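J.: Before we start, here is the structure in question, set down as structure tokens.
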């Protein structure tokens, strides 16, 4: 029977809370599908580097999550790639005294839902290949970052077309 790859994301909260100051490290490279994240923007494994430390209030989990991504530029459709680096700083408590804390369910802390949420929130929505991307010509389809065209791309509003025929008497 194959082992669950998300097992590494579970912490025994009871054991940690018995001794404040207990430290656990979570280091893993996980497949996004194993995290139940199916998104075409993800271009590799999700790297997790977290430290969990218990205190009298609960368990603080801090560290980073890194996710490589690749998407088309929203103007010219060229491939754009990068890595989302996410800073994690979460508190898990038995009895919630902090409104931003997560509830400890049972005896374990399962980091998978939080990691899934972080990854999905940090993936880029339509980045540009560069700040001055000229995009694609809507007439001929040429990439205006690589070549120029003589297409007339002036935006016109046909509702005002009758005014183009007006002649003014400037005398």
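Nothing in this text is a laboratory measurement; each read-out follows from the coordinates by a stated rule. These numbers come from a predicted model, not from an experiment.
J.: Output the relative contact order of segment 86-161, whole-number percent, from Cα pairs under 8 angstrom with separation of 6+ residues.
T.: For segment 86-161, the relative contact order is 15 percent.
J.: Oh, and also: Pairing the Cα long axis of helix 112-122 with the longest principal axis of the chain, what angle in degrees results, from 0 to 90 and rounded to the nearest 10?
T.: Approximately 20 degrees, to the nearest ten.
J.: List, largest first, the extents of the alpha carbons of segment 31-153 along their principal axes, each in whole Å.
T.: Computed over segment 31-153, the largest-to-smallest principal extents equal 70, 27, 18 Å.
J.: Right, here's the next one. What is the antiparallel percent of DSSP beta bridges lying wholly in segment 39-164, to the nearest 5?
T.: Looking only at bridges with both residues in segment 39-164, the antiparallel portion is about 95 percent.
J.: Continuing with this model, one more query. So how far, in whole Å, is the C-alpha centre of segment 111-171 from the one of segment 1-73?
T.: Cα centroid to Cα centroid, the span is 39 Å.
J.: Multiply the residue separation of residue 117 and residue 49 by 0.36 nm, subtract the distance between their alpha-carbon atoms, and state the gained length in nm to one decimal.
T.: Full extension of this stretch gives 22.9 nm more.
J.: State, as an integer percentage, the relative contact order of the chain based on alpha-carbon contacts under 8 Å between residues 6 or more apart.
T.: 18 percent
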